[in-house]
Amino acid sequence: MNFWNDPLKVAADWLEGIFTGWGMDAVAAHVLTVFLGVFLMIVILMVVDVFLVWIERKVVARFQDRLGPNRVGPFGLFHPFADIVKLIIKEDTTPGDADKPVYNIAPILSMMSVLILWAVVPLAPVMLGTDLNVGVLFIIAAGAIGALSIIMAGWGSNNKFALIGGFRQVAVMISFEIPMLTMLMIPVVFAQSMNMNAIIQGQSVWYVVLSPLGALIFLTAAIAELGRAPFDLAEGESELVSGYNIEYSGMKFGMFYAGELLHAFTFGGFWAILFFGGYRFFGLEQVSPIFAVLILLVKALVGYWVIMWVKYTMMRIRIDQMLSFNWKFLTPLAFALLLVTALMNALLSSAPVWLYALGMFLANIVTAWVALEIARSATKQERERAEGPQKTAEARH
Amino acid sequence: MNEWIYVALFIIVGLIIPIGAILAGFIFGPKKPNPVKQSTYECGIEPVGEAWMQFKAQYYIFVLVFLVFDVEAVFLFPWAVKLGHLGLYAVIEGIIFVAILVVGLVYTWRKGMLEWA
């Protein structure tokens, strides 16, 4: 039954026993075991990533009323493997004018920045990965490496499209990092900790109930951070052809592509962890860590599906619209929401749980309503300035 | 054991996997470079000039605005963690702190620097 309750620790102890049995130092055996564990984790992530390619292609096909991949294997399940073989045996062309070291390091950093995010993901109550006390800050730091890899790819390619795409993508990423940072503070305020596991443990009531607007702003900022539609202006097929990864081919392109999909899945997971209770599901996570991991996986897939849903429904917006949406609407709203949450938290600190939840929920709704009204009247004034005073209904006909 | 060793291991393995994949592509792929193939892609037209040129300065202004808020976040995270213990006084301090930053945003806004010209 021990394996059922804590499979990872049992396996780790068994491996460490073997290593020390070979006459290895205890610390070295521990580090080696952890290394193998991390390796296994990342290999599993890469396998999940392969299936994400299939899911993405199948879902976009269904959104667009097509069949999608359906030739190789049942339901086209082996298509991604054929893709990998193709990417490996393709010639890897490097533009002659490129800045070679920068050009070559960029895809590696892009993949790495996504993989290290999983260091702080608590998979189950007993499978914490790294139980950092600054887990939330770690997400931001890893995201900054992603922005760095994109500017490196755009600059190193020595291509005008790539450079414009890279600049645009980084402008989007750093702009939307502000609302994202602010929304990451809301679970921190509730849980009184930056530890990811403490945030999950604090969610007897899911934080999406306490802060629905916060969850929505976080998702918007996450989509922008991922560079997906409606914020995929760095890609812009019709103007920039492909954006920052235009000069990449073979496996280097594959790394950007796989990194992007895994990034989207990871942010689906973070959305679930921060606002939807992570691995918690009505006490089922206490039965076995295996269930907890499955619950987190399902929640992350639902989050990923929502991100895909937005991607294939929305149109791409222009860069000026994107920047004014962020700096003139989302950033002030995010700060207003943070301060309202802090204020309500202080006022309701001694209230019972149901009153606390109700107060927080209503405060969110009121904040959202006020923000939308202000935006509506401001845009109306702007439109009237641009078009002259509004004509009446009869005059228009 | 120090938690950051796990993070270091994650970074090491996270570097090994993509390097391995790219090396596999390097080993198995054909290598037949020629000058035309290696020229910079510009929709089939011969590339004109270099891409490393002067670029729109507006991006720089957004980065400056971003920097202010990014640094501010480092101060706000500890505030958010301890908010439950410090009570209303800390909330009012936080409001004043954010208000000072918002003045900066409003200044940028009124100067017309947030318009994409």
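Legend: calculated FRET efficiency, A:Lys86 to A:Val241, from the Cβ-Cβ distance at R0 = 30 Å, rounded to 0.05, equals 0.90.
Once you treat every alpha carbon in the stretch A:173-243 as an equal point and sum by Debye, what is log10 I(q)/I(0) at q = 0.14, 0.19, 0.20, 0.25 Å⁻¹? Log10 of I(q)/I(0), two decimals: -0.52, -0.77, -0.81, -1.06. For chain A, a Gaussian network of Cα nodes joined below 10 Å ranks A:Pro69, A:Pro352, A:Pro230 by mean-square fluctuation, and the top entry is A:Pro352. Any lysines with Cα under 26 Å of the B:Lys111 Cα? List them, leaving off those in the same chain fewer than 8 positions away. Within reach: A:Lys328, A:Lys380, B:Lys56. Using the Cβ-Cβ distance between A:Ala12 and A:Leu372 with R0 set to 35 Å, the FRET efficiency from 1/(1 + (r/R0)^6) comes to roughly 0.10.
Value of Rg to Rh for the stretch A:1-89, rounded to two decimals, is 1.23; Kirkwood radius and Rg both from alpha-carbon coordinates. Across every direction, the projection of the convex hull enclosing the Cα atoms of the stretch A:58-104 has a mean area of 5.2 nm². Normalised size of the stretch B:3-110, defined as Cα radius of gyration per 2.2 N^0.38 Å with N residues, equals 1.91. When chains A and B come together, the accessible area they lose, probed at 1.4 Å and totalled over both chains, is close to 6700 Å². Over all distinct Cα-Cα pairs of the stretch A:42-159, the Kirkwood formula returns a hydrodynamic radius of 17.1 Å. Considering only B:Val7, B:Met53, B:Gln38, the residue lying farthest towards the positive end of the dipole of chain B is B:Gln38, judged by Cα position with unit charges set on Cβ.
Taking label points 7 Å from Cα along the Cα-to-Cβ direction, A:Val306 and A:Phe281 give a separation of 1.6 nm.
Based on the convex hull around the alpha carbon atoms, the protein assembly as shown presents an average projected area of 30.3 nm².
Counting lysine pairs in the stretch A:94-318 whose alpha carbons fall under 28 angstrom apart, excluding pairs fewer than 8 residues apart on the same chain, gives 6.
Computed across the stretch A:93-230, the Kirkwood radius stands at 16.5 Å (inverse of mean 1/r, all Cα pairs).
The values are calculated or read from the model by the stated rules, or taken from the named source; none is laboratory data. The model shown is predicted, which means the values in this text are computed figures rather than measured ones. For neighbour counting, all protein chains shown are included, and Cβ atoms are generated from backbone atoms with ideal geometry for every residue, glycine included. Calculation scope for accessible area: heavy atoms of the full protein, side chains included, ligands and nucleic acids excluded. Shrake-Rupley method; radii C 1.70, N 1.55, O 1.52, S 1.80 Å.
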